[in-house]
Structures are given as structure tokens and as C-alpha cells.
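K.L.:
Structure incoming, see below.
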Amino acid sequence: MAETSALPDGIRLERLRADHAPAVFAFELENREYFAKHIADRGDEYFAEFDARHQSLVDDQDAGELHFHVLVDAEGKVLGRVNLVDVADGSAELGYRIAESATGRGLATAAVLELCALAARDYGLRELRAGTHVENAASRAVLDRTGFEVVGETIYQGRPNLTYRRSLTV
């Protein structure tokens, strides 16, 4: 039986590779101001040391410590990032960001659903955790639509934050 994808035609979720660096850098730089409206800015150091940081993430991924992915279009342009960090004991923390130009098309929801399937099938994970600021209605909607449940509240970066969990077992 062929696998089905939640992603629109021409859009792929790819495991992060070293050769993604230029496209990821362009994505982060192009969307820096947009992302800073919702989450803490990565800072100038992030961009100044991007190549070394990118390679370090690929190396950490190869060691099984995390699973980073890029959402790319048919031309190879990065439209988003969907990542799993703090991988341990069958669980991981989900994080994602979608380019401003690609929002409102259901890509975040589709990418998270795709990553949930990958996490269970390919990475052997049983549970994912996530968090978002209370006022980030778009991110909350993505988590709600993809089967995550609110399990608590906390303060993150000085703002109210909701914490979520999703079981990947049937």
C-alpha cells in the first residue's frame, strides 16, 4: 500500500542535510522580523555563525540526538522547519515555524501531521510534547488540529505558555 501524505502536491518534508544550509539561511533571514513577532529573535550571532551551527545540528542529528526537517517546495525553497529535540525515552519536543509567505495554507498542520507519522514510524517515538504562547492563536490551532492536548500552563520568556502532549501510539 502506498503511503499518503498530508502535504500538498509539490511540497516535501525532508530530513535536514548539510546541503540545505543556504536555503535554510535564506529562510531564516527572510522571515526574521516575522518570527520575532511571535518568538524570541535568534540574534545576530545566530546568523554570523550560521554555517557552523547548521553543521553542528546535522552532526547531532546523525548521532540521534534530534530530528530536524525542512518543508520545501518543488524548487527547493524552504517554506518551513519542523523539528524534534530533546529526544529521549520514546519522547521528543516538537517545534515548527512556517515562512510568512506560506502561512494560511494549512502547511503547518500538514507538516506536523507528517512529522508525527515519521516520529512513530521511523524514529520509534511514542509521545511528542509542544508548547506555545497563549496569545499565539495560529500555533494553538495547529496543535489542536493535529491531536495535541493541553496538559498544563507555564511561563516561558516572561509570557504565559500552554504545554501540550500527543500520544503516537494507537
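The values are calculated or read from the model by the stated rules, or taken from the named source; none is laboratory data. Treat the numbers as computed from the prediction; the structure is a model and nothing was measured. Positions of Cβ are generated from backbone atoms using ideal geometry, with glycine treated the same way; all protein chains shown enter the neighbour counts. All accessible areas refer to the heavy atoms of the entire protein, side chains included, with ligands and DNA or RNA removed. Shrake-Rupley method; radii C 1.70, N 1.55, O 1.52, S 1.80 Å.
K.L.:
Residues being of a type outside the set (A, V, I, L, M, F, W, C) and touching a residue at least 40 places away in the same chain (Cβ under 8 Å): count how many of those fall in the range 107-125.
P.N.:
3
K.L.:
Quick check on the range 83-100: of everything there that is in contact with an Asp or Glu (Cβ under 8 Å, 6 or more places away or on another chain) and among the small types (Gly, Ala, Ser), which residue is surrounded by the fewest Cβ atoms within 10 Å (Cβ to Cβ)?
P.N.:
Per the stated criteria, the residue is Gly90.
K.L.:
Of all residues in the range 142-155, which are under 20 Å from Ile98 (Cβ atoms) and open to solvent by 30 Å² or more (accessible area, probe 1.4 Å)?
P.N.:
Asp144, Arg145, Gly147
K.L.:
Against the definition (open to solvent by less than 50 Å² (accessible area, probe 1.4 Å) and touching a helix residue (DSSP H, G or I) at 6+ places or on another chain (Cβ under 8 Å)), how does Gly80 come out, yes or no?
P.N.:
yes
K.L.:
Right, next: Got at least one residue in the range 2-14 being open to solvent by less than 60 Å² (accessible area, probe 1.4 Å) and part of a helix (DSSP H, G or I)?
P.N.:
no
K.L.:
Under the condition of being open to solvent by less than 40 Å² (accessible area, probe 1.4 Å) and in contact (Cβ under 8 Å) with a residue 12 or more places away in the chain, which residue from the range 40-63 is nearest to Arg17 (Cα to Cα)?
P.N.:
Among them, the one singled out is Val58.
K.L.:
May I pose another question? Could you check the range 94-111 and list, in sequence order, the residues that are within 8 Å of the chain's Cα centre (by Cα) and farther than 10 Å from Leu71 by Cβ?
P.N.:
If the condition is that a residue be within 8 Å of the chain's Cα centre (by Cα) and farther than 10 Å from Leu71 by Cβ, then Leu94, Gly95 are the ones that fit.
K.L.:
Assess whether Arg17 counts as being basic (Lys, Arg) and either exposed (fewer than 14 other Cβ atoms within 10 Å of the Cβ) or under 22 Å from Ser91 (Cα atoms) (or both).
P.N.:
In short, yes.
K.L.:
If you don't mind, there's one more thing I want to ask. How many of the residues making up the range 112-127 are more than 13 Å from the chain's Cα centre (by Cα) and open to solvent by 30 Å² or more (accessible area, probe 1.4 Å)?
P.N.:
8
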